[in-house]
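Everything below concerns the one structure shown next.
The values are calculated or read from the model by the stated rules, or taken from the named source; none is laboratory data. Owing to the predicted nature of the structure, the values given are computational and were not obtained by experimental measurement. Positions of Cβ are backbone-derived with ideal geometry, glycine not excepted, and every protein chain shown enters the neighbour counts.
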Amino acid sequence: MLDDADRRILRYWQAEPSLTPGDLAERCGMTPGKVARRIARLQDQGILRGIGAVIDWRALGYAVEVSLRITLDKTQSNAFDMFMAEARKVPEVIEMQTFLGRVDLRLSVIARDMAHYQEIYRARILTLPHIADIEPLMHLGRIKSDEVLPL
């Protein structure tokens, strides 16, 4: 599991993801080689999933986000698999979650404006297989959006 050095690496990196391995090593009081080996081990263990860019899609002209709560018609045994395979092909779907309960899935869909959203909804979402019920929820604001853990 994680030791104090691993936690220190993750804590500093979460707080400032732009740190280079050398800067990270300096802050953690370790050599760059040791930090690199620990990062590789954390990646191999699946604890550190990856390093990537966080893009503000609003800055690229996407002003609308809608959550779609979807209930599937599960009379066919492969309804989930077929739906998810097709939903993955819609580029404006930025997140998919599955649930236990009355709602089976939630999709987050982004669009440039409401006219663009209606186009996506009619042409791409409503044509997805096995939808029994769909409830759109318009996003008004994001209160918290991070994956920082208390390490």
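Numerical summary
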item: Filter result for the condition that a residue is of a type in the set (Asp, Glu), out of contact with any Asp or Glu (no Cβ under 6 Å at 6 or more places or on another chain) and modelled with pLDDT under 95, over Glu119, Glu135, Glu147; result: Glu147
item: Any hit, region 105-124, residues being assigned to a loop (DSSP other than H, G, I, E, B), of a type in the set (Phe, Trp, Tyr) and surrounded by 12 or more Cβ atoms within 10 Å (Cβ to Cβ); result: no
item: Filtered residues of region 86-102 (kept if at pLDDT 95 or above, not in a strand (DSSP E or B) and not acidic (Asp, Glu)); result: Ala87, Arg88, Lys89, Val90, Pro91
item: Residues within region 73-116 that are touching a residue at least 12 places away in the same chain (Cβ under 8 Å) and small (Gly, Ala, Ser), tallied; result: 4
item: Which listed residue is farther than 30 Å from His130 by Cβ, surrounded by 15 or more Cβ atoms within 10 Å (Cβ to Cβ) and aliphatic (A, V, I, L, M), from Ala53, Ala36, Ala15; result: Ala36
item: Region 1-54: number of residues that are small (Gly, Ala, Ser), closer than 16 Å to Asp146 by Cβ and part of a helix (DSSP H, G or I); result: 1
item: Criterion: surrounded by 11 or more Cβ atoms within 10 Å (Cβ to Cβ), of a type in the set (D, E, K, R) and under 30 Å from Ala15 (Cβ atoms) - qualifying residue of Glu95, Glu135; result: Glu95
